[in-house]
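Report on the following structure.
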Amino acid sequence: MKLLSVIIPCYNEEENVPYFYAEMLKQEAVLKERDIALELIYVDDGSKDRTVEEIKKLHERDGRVHMVSFSRNFGKEAGIYAGLRKAAGDYVVLMDADLQDPPSLLPEMLRYLEEEGYDSVATRRVTRKGEPVIRSFFARRFYALMQRISQTEFVDGARDYRLMKRPVVDAILSMTEYNRFTKGIFGWVGFRTKWLEYENIERVKGETKWNFWKLFLYSLDGILAFSTMPLAFVSVIGLIFCVLAFVLIVFTIVRTVIFGDPTSGWPSLVCIIALISGVQLLCLGIVGQYLSKMYMEVKNRPIYLVKEEL
Ligand code: UDP
Ligand code: MG
């Protein structure tokens, strides 16, 4: 008999914890048919509401429900990592607590894994219904950009809803980096992946933890973690300005020799100084971003801290 571990990162999801459990159990018959046992791993990401109590209630009723509870909010990426470490299953699936990742897709996902020889089954949403227009626009731009500047595969609309075989899980666990951009990590490890598409589903209860600014910073994390293109960009800018400066020098010398040298050009000088110092600060900033990521990586702090485990 095989074991399927379901990992559910939860941050302030008191209403969704029992609801998710009920929805998940509806898939039990299908799992039995395939001779697969189930375990549920709720990862409480330092929730401030009654999420932990709700999980404990489930744990008392059903021994297959496990919990890892963090000492504070470490973010969903850390939650996923903790869940993967705790999972004992031959198959592991990641799901959101808000049922935006429909458990009803599981039978189909399992079929691809068991009958078609895929190593993992990933999902992407093909619509962004119910999402602010500006957010969708920038999300699309982000994926288009990543496709160009990163060697790792980034799929537009990819969700974290993913079913994996043990080797894939172990590969992900072997990546112990501190800056965990999970969407990139999945692409980076490779393996044979089947993509399933579905329409966006809005969360059942509670509200999303993301706003535009958080998403923007998150996208920067993604770029820094999976591309060094900005650094190459900085070098190119430096080169362009060197060439430009050389042309200007030649131009100035020739002009002085041919036309004499009236002392003018103060405004243009100020413009040039302002422009170039701006470019320099920008480049320094880009380098600094990588340095700060390196700094956090070198510190080697744990990705999460556990307060309680069931
Ligand atoms: N989540 C988490 N830690 C956080 C933020 C979110 O564990 O700091 C969980 C959250 O409880 C949910 C999942 O990650 O199960 C997705 O979060 P959300 O629904 O807010 O994101 P969205 O679906 O809007 O992208
Ligand atoms: Mg959600």
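The values are calculated or read from the model by the stated rules, or taken from the named source; none is laboratory data. Because the structure is predicted, anything quoted here is derived from the model rather than measured. Cβ placement follows ideal geometry from the backbone for every residue including glycine, while neighbour counts extend to all protein chains displayed.
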- Taking into account only those residues within the range 33-43 that are farther than 10 Å from ALA97 by Cβ and part of a strand (DSSP E or B), which is nearest to the chain's Cα centre (by Cα)? ILE41
- Task: Starting from residues that are in a strand (DSSP E or B) and of a type outside the set (Lys, Arg), keep the ones in the range 152-183 and report whichever is nearest to ARG141 (Cα to Cα).
- Result: ALA158
- Given the conditions (1) of a type outside the set (Ser, Thr, Tyr); (2) in a loop (DSSP other than H, G, I, E, B); (3) away from ligand 1 (no atom under 13 Å from the Cβ), every one holds for ASP98 apart from (3)
- Please state which one of SER5, SER47 is touching a residue at least 60 places away in the same chain (Cβ under 8 Å) and among the small types (Gly, Ala, Ser). SER5
- Determine whether the range 184-203 contains at least one residue that is within 15 Å of ILE80 (Cβ to Cβ) and either of a type in the set (D, E, K, R) or assigned to a loop (DSSP other than H, G, I, E, B) (or both). no
- Taking into account only those residues within the range 171-200 that are surrounded by 13 or more Cβ atoms within 10 Å (Cβ to Cβ) and under 25 Å from ILE134 (Cα atoms), which is farthest from ligand 1 (Cβ to nearest atom)? GLY184
- Message: I'm checking my understanding of the structure. Among residues of the range 201-229 that are more than 10 Å from ligand 1 (Cβ to nearest atom) and charged (D, E, K, R), which one is surrounded by the fewest Cβ atoms within 10 Å (Cβ to Cβ)?
- Response: LYS205
- Message: Scan the range 259-268 and tell me whether some residue there is among the charged types (D, E, K, R) and in contact (Cβ under 8 Å) with a residue 60 or more places away in the chain.
- Response: no
- Query: When the range 209-244 is examined, which residues are found to be of a type in the set (S, T, N, Q) and not in a helix (DSSP H, G or I)?
  - Reply: ASN211, SER227, THR228
- Query: For the range 245-267, does any single residue satisfy the condition of being under 47 Å from the mean Cα position of the chain (by Cα), closer than 29 Å to LEU220 by Cβ, modelled with pLDDT of 85 or more and part of a helix (DSSP H, G or I)?
  - Reply: no
- Test SER104 against the stated conditions and say whether it is surrounded by fewer than 22 Cβ atoms within 10 Å (Cβ to Cβ), in contact with a Gly (Cβ under 8 Å, 6 or more places away or on another chain), at negative phi and not basic (Lys, Arg). no
- In the list GLU207, GLU202, GLU197, which residue meets the criterion of being more than 16 Å from ligand 2 (Cβ to nearest atom), among the acidic types (Asp, Glu) and over 16 Å from the mean Cα position of the chain (by Cα)? GLU197
- Message: Need the failing condition index for SER71 against (1) touching an Asp or Glu at 6+ places or on another chain (Cβ under 7 Å); (2) under 29 Å from LEU3 (Cα atoms); (3) of a type in the set (Ser, Thr, Tyr), just the number.
- Response: (1)
- Please determine, by comparing only the residues of the range 74-95 that are within 16 Å of ligand 2 (Cβ to nearest atom) and in a loop (DSSP other than H, G, I, E, B), which one is surrounded by the fewest Cβ atoms within 10 Å (Cβ to Cβ). GLY75
- In the range 111-131, which residue that is small (Gly, Ala, Ser) and under 20 Å from LEU31 (Cα atoms) is surrounded by the most Cβ atoms within 10 Å (Cβ to Cβ)? SER120
- Of all residues in the range 158-192 being among the small types (Gly, Ala, Ser) and without any contact (Cβ under 8 Å) to a residue 24 or more places away in the chain, which is nearest to TYR118 (Cα to Cα)? GLY190
- Item | Verdict on VAL270 being within 35 Å of the chain's Cα centre (by Cα) and in a helix (DSSP H, G or I) | no
- Across the range 1-32, what is the number of residues that are within 11 Å of ligand 1 (Cβ to nearest atom) and either part of a strand (DSSP E or B) or out of contact with any Lys or Arg (no Cβ under 7 Å at 6 or more places or on another chain) (or both)? 7
